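What follows is a short report on a single structure.
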Amino acid sequence: MAPPYQRSPSPSQPSGKGEVSDVKSQLRQLAGSRAPGTDDSKRDLFKKVLSYMTVGIDVSSVFSDMVMCSATSDIVLKKMCYLYVGNYAKYNPDLALLTINFLQRDCKDEDPMIRGLALRSLCTLRVPNLVEYLVGPLGSGLKDKSGYVRMVASIGVVKLYHISASTCVDADFPAMLKHLMLHDQDAQVVANCLFSLQEIWTLEANTSEEASSEREALLSKPVIYYFLNRIKDFNEWAQCIILEMVSKYVPPDSNEIFDIMNLLEDRLQHANGAIVLATIKLFLQLTLDMTDVHQQVYERIKAPLLTQVSLGSPEQSFAVLSHLHLLVMRAPMLFSTAYKHFYCHYNEPFYVKKLKLEMLTAVANESNTYEIVTELCEYAANVDIPMARESIRAVGKIALQQYDVNAIVDRLLQFLEMEKDHVTAETLVLVKDLLRKYPQWSHDCIAVVGNISSKNIQEPKAKAALIWMLGEYAQDMQDAPYVLESLVEKWEDECSAEVRLHLLTSVMKCFFRRPPETQQVLRAVLAAGIADFHQDVHDRALFYYRLLQHNVSVAEGVVNPPKQAVSVFADTQSSEIKDRIFDEFNSLSVVYKKPSYMFTDKEYRGPFAFSEEFGNMSIGVESEETAASSQRVEASDKELLLNTSEKEDKVLSNNGPAYSAPAYDGYLDTAASQVQSDLVSLEPPLPSHPPKTSSGIDLLSLGLSIKPTPAPTAPTLKLNAKPVLDPNTFQQKWRQLQVSVSQEISISPQGVAALANLQSLLRHMQGHSIQCIASGGQSPNYKFFFFAQKSEESSLFLVECIINSLTCKAQLKIKADDESSSQAFSTVFQSALSSYGTS
Amino acid sequence: MPVSASAIYFLNLRGDVLINRLYRDDVGGNMVDAFRLHIMQTKELGSCPVRQIGGCSFLYMRISNVYIVIVVSTNANVASAFKFVVEAVALFKSYFGGAFDEDAIRNNFVLIYELLDEIMDFGYPQNLSPEMLKLYITQQGVRSPFSSKPKEKIVPNATLQVTGAVGWRREGLVYKKNEVFLDIVESVNLLMSSKGSVLSCDVTGKILMKCFLSGMPDLKLGLNDKIGLEKESQLKSRPAKSGKTIELDDVTFHQCVNLTRFNTEKTVSFVPPDGEFELMKYRITEGVNLPFRVLPTIKELGQARVEVNVKVKSAFGAKMFALGVVIKIPVPKQTAKTSFQVTSGRVKYNAAINCLVWKIRKFPGQTEPTLSAEVELISTISEKKSWTRPPIQMEFQVPMFTASGLRVRFLKVWEKSGYNTVEWVRYITKAGSYEIRC
């Protein structure tokens, strides 16, 4: 109901002044009348008042007249009157006092319907100074012989709690609710008691220990079993809440887990999607520590989930798809056979199609890639431009996660021949990313890219990608210098700073490869760059200029060093966040893809701070880590002001010579997610945005490698249980030391399956005195940095471990202060890793 | 607090409030304005049914010309919220008798307020079963002190049943003629490539029932599904009858079905609600009999002409008919002139949807009518863009045919008084999203 001040009436709606006074006088006439037919005319009048109220006209001035008229036995009239009173009482507390009398009288009516309605209205008055009148009726309502009244009363208690918590607790209502919950015959009463108690004790738990222990008691075995055994008596909504509650219960042994699952298995067949999802959540939570059963649960829930997707309205299937999406992302291989369910239909709304595309991308593996990519290519030719773009991105993503990219590259190159601007633009960006990962494809790609006229490309991102390729592959592209030249000539018209920055760097690179042809252009571009009004462009141009002045070969080393292929692009979300979302299955978190604290807590609204996330990323090092991370977050906050594409470069250079150091991954995560969160508010989420230019990184690879000083040998290997190492030292050491052991080992499939929960691996390794300092990655590739310390010695072992969950292989790189014992440590590490998941 | 709606709004397409009900105080009064400003008046509308504005989340759905918006301030259960809206609309429909649109809401707003009060309390969904609510919420709710005596008895009784054990059926029903109507309604979703290979195909089926039975009858339904038949032959220790058995991928049931018995005995047994309800839904992906095959050839002859040939084959029995067949064949936007020939039905060019619409009212089985058309285009030299061909879409209804092959083997009614019942079974297959790329 609209509060009276809500909005000014629009021109199409009456202002209401005349009408209200009209109604008022009519009400006056009827108030005292006892003539037959009065009720009918009252009804019409009440309807009028309510319709005014609905459209936002302030009808609070007739309050007293409405109350006068409310002396009636007509139940519909009563309801209308209650509705009116409930709406306006809050803003007219004095007048509300007038209604107390008749509401209290109705609470004692012989008809349970009237008693219930009156009690409900009494509780919705929301006037703090009237609570004293509420306690009595509420208390007798809870003991009423009619289920309907008890049902209303049990929710009434929580309403009272929100008006005045102390009154509610002092009157001992929570205890009465608890009694009612455990003993009432009526299922709806029991359910309502549960709703109220959950809410009251959760809120009360912050201040009172008793309440928090009561809240714990709700999750005790007898209560849980009490609800589970009569779950079929409850209606579907109450079942949802009960299942949600049970998912927080931790059964002491596995027999109990199986009992619960057997009891509830039929819930997966329920027509209500919310119940199916709640049951799935429960099953997944229960089996979290039982790897193989967990796997079976995934198999079991596949069919019901797919059914829920195909039923109901697009909105409902969206809700289910969001959850399916989460599960697919956690265990893509389990859904790889169901890929046909993710094919998009022409008429589906975009939000459904987008989720489906992401799932198609995730489930692609050796056996189905061909079909999936063929299907995605169909969408790329789609009329719907956002859809076409998303599909091309999806093809690119599959190419980046697959080993056999041959066919996909061909498809991508075909896109370039379609001669549609948006397709070309999107594809160029992808080809660039592909080349960074698979430099061996450069020959094929460059041949096609070379044919694209730079004039047809307008989008800054695509333009930047094309320019990057022109610079990077200048020697393979005949006319690279001339294309660059024509672009430099239009410097003034180029409004994107990102493109201008790329142009600068690319001309530099081109210059080193083909000096005579590029010299002219270089001069022009440096002059234009130095005169540029954009700070970054200006700085970079000046920097290049001075570098060239200083020494051309050093400049080449800085701008154009030999490059390593990128193995894994930074993941945008940490596993910590993903686990949190998983814990909040069947809620908005899954739809928003962020944990609830980010959208319900006040401090997280608006631009999100990710410092906490980063703090959680590395385990083992507490204080130094948080301090360091908060500094970095501050630094990167400043970066937010800068152009986003430049960001990664800047961030890195801020961080000192950190390239290939462990914190790099994690840090980039933070940076990237910050960029993302920033973008989210402006436009639809973009895929993770890897570092564009190489210059920043190039700079850093200048770090000298220092030979480690040989240390005395240690006879046996004992590890310190609680070693301490801060990330900066780790980075430095990692950079300084040479790889002493590098090998590939295989892991048990159970271990790989248990990887779904990264935290448990980290705990497991901690148990073997091996600490994790940073972790990241996305299925199938996970990357970890571990360290360990010899007991009673300061010598450290550093490990980089890349686990591929598809091949069940792990690649280890071990660096050690003391190289002589690194082989022994390697054995310890391997045995620790291979025992994971089997225990 | 997993489910608790703070408010629910009903808006028309212009954004005027038709109904609003605030259940909690934790959302501000300007929620509608926020929705109008940030969702309705932007491109966001329709881009995602769940949106966050400020600290609140808006879950919205459009049903005919009405937006229903649920506002929550906590981390709510989305699936449950949407399901609630759908159920509530079904409830309103059963009260208004059919349509749910702006006019129906305006005419019945008092009733809707009444219902909103009952079906949700403080944001928690309560009882939404029309059967039960109709007992105590009626539009003729007059109860003057003089005429109330005869009703007095029913009302307390009703409240007892509101929360009673068999929530979906009240006792003491009497019918002169005991009848059960059972409809199997299947919709076929198809995605076929231009080369005629099936990309994805599934059938979602519903079993709808209408029961006019006295007392508290127990019903048992037997289908020719694989699991059920196997179980039965196991129980009776005799080999399963040969013949077609259907493998159901997944089944969901109305709450009246005894799921424990389904899991142990694989039979569908239930005490039905009175009147109309949806007994079960199922999904099938294997062994689907496509009722129609479409063979399109669309050629672009130069810049200005397109030649379209479409052959539609009906694959069901020769004695059966499909009704209301509509085939929408896309043509380019810049179509100037069309000429066509068909062997049956009628064709029209619909410029609004850029389609040739081919309608065949009665389509016999085992036939293959064809359409051949020539489309002339306005020659536009400036636009080089090639035409992206949307898929051909098809609508149809085939009575007495199920794409899955599902059949009712028996429907037994058992009631302690032992009356006779008449059972009526119908089958119909409809097009869901039936798309053929060309």
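The values are calculated or read from the model by the stated rules, or taken from the named source; none is laboratory data. The structure presented is a predicted model; accordingly, all values stated were derived computationally and were not measured. Note: ideal-geometry Cβ built from the backbone for every residue, glycine included; neighbour counts use all protein chains shown.
For the stretch A:362-373, the criterion of being surrounded by fewer than 22 Cβ atoms within 10 Å (Cβ to Cβ), within 23 Å of A:TRP441 (Cβ to Cβ) and among the charged types (D, E, K, R) is met by at least one residue. The set of residues in the stretch A:170-182 that are surrounded by fewer than 18 Cβ atoms within 10 Å (Cβ to Cβ) and more than 17 Å from A:ALA238 (Cβ to Cβ) comprises A:ASP170, A:ASP172, A:ALA175, A:HIS179.
Being without any contact (Cβ under 8 Å) to a residue 24 or more places away in the chain and not in a loop (DSSP other than H, G, I, E, B) is a property that does not hold for B:TYR434. Report yes if A:CYS377 is within 14 Å of another protein chain (Cβ to nearest Cβ), over 24 Å from B:VAL188 (Cβ atoms), more than 17 Å from the chain's Cα centre (by Cα) and of a type outside the set (Ser, Thr, Tyr), otherwise no. Criteria met by A:CYS377. One residue alone among A:GLY450, A:GLY471 is over 27 Å from B:SER193 (Cβ atoms) and modelled with pLDDT under 80, and that residue is A:GLY450. Taking the numbered list (1) touching a residue at least 60 places away in the same chain (Cβ under 8 Å); (2) closer than 29 Å to A:ILE577 by Cα; (3) of a type in the set (D, E, K, R) in turn, A:LYS722 passes all entries but (1). Residues that are away from chain B (no Cβ under 11 Å), among the hydroxyl-bearing types (Ser, Thr, Tyr) and assigned to a helix (DSSP H, G or I) were ranked within the stretch A:364-374; the one that is farthest from B:ILE436 (Cα to Cα) is A:THR369.
Against the test of being at negative phi and modelled with pLDDT of 90 or more, the options A:LEU334, A:LEU284 yield a single qualifying residue, A:LEU284. Identify the residue in the stretch B:361-381 that is in a loop (DSSP other than H, G, I, E, B) and hydrophobic (A, V, I, L, M, F, W, C) and, among all such residues, is surrounded by the fewest Cβ atoms within 10 Å (Cβ to Cβ). Only one residue tops the list, namely B:ILE381.
For the structure I just gave you, tell me whether A:ASP433 is under 26 Å from A:ASN804 (Cα atoms), more than 14 Å from chain B (Cβ to nearest Cβ) and at pLDDT 80 or above. Answer is yes for this residue.
Within the stretch B:174-183, identify whether any single residue is buried (at least 19 other Cβ atoms within 10 Å of the Cβ), at pLDDT 90 or above, more than 26 Å from the chain's Cα centre (by Cα) and away from every other protein chain (no Cβ under 11 Å), and answer yes or no.
Checked against the condition, which is being buried (at least 19 other Cβ atoms within 10 Å of the Cβ), at pLDDT 90 or above, more than 26 Å from the chain's Cα centre (by Cα) and away from every other protein chain (no Cβ under 11 Å), the stretch B:174-183 yields at least one hit.
Can you work out which of the residues in the stretch B:255-271 that are in a loop (DSSP other than H, G, I, E, B) and under 19 Å from B:GLY215 (Cβ atoms) is nearest to the other protein chains (Cβ to nearest Cβ)?
B:ASN258
Residue-level check: of (1) under 30 Å from A:GLY751 (Cβ atoms); (2) over 23 Å from the mean Cα position of the chain (by Cα); (3) surrounded by fewer than 22 Cβ atoms within 10 Å (Cβ to Cβ), A:VAL246 misses just (3).
If you go through the stretch A:195-214 one residue at a time, do you hit one that is closer than 30 Å to B:ARG169 by Cα, at the interface with another protein chain (Cβ under 10 Å from one of its Cβ atoms) and not small (Gly, Ala, Ser)? There is at least one residue in the stretch A:195-214 that is closer than 30 Å to B:ARG169 by Cα, at the interface with another protein chain (Cβ under 10 Å from one of its Cβ atoms) and not small (Gly, Ala, Ser). Pairs are defined by a Cβ separation below 7 Å, a sequence spacing of at least 6 or placement on different chains, a first member in the stretch A:538-561 that is charged (D, E, K, R), and a second member that is assigned to a helix (DSSP H, G or I); the pairs so defined are A:ARG540/A:LEU501; A:ARG540/A:LEU504; A:ARG540/A:GLY529; A:GLU556/A:PHE512. Quick one: is B:ARG409 basic (Lys, Arg), surrounded by 13 or more Cβ atoms within 10 Å (Cβ to Cβ) and more than 21 Å from B:GLU300 (Cβ to Cβ)? When the stated conditions are applied, B:ARG409 passes them.
Filtering the stretch A:583-601 to residues that are part of a helix (DSSP H, G or I) and more than 7 Å from chain B (Cβ to nearest Cβ) leaves A:ASP583, A:VAL590, A:TYR597, A:MET598.
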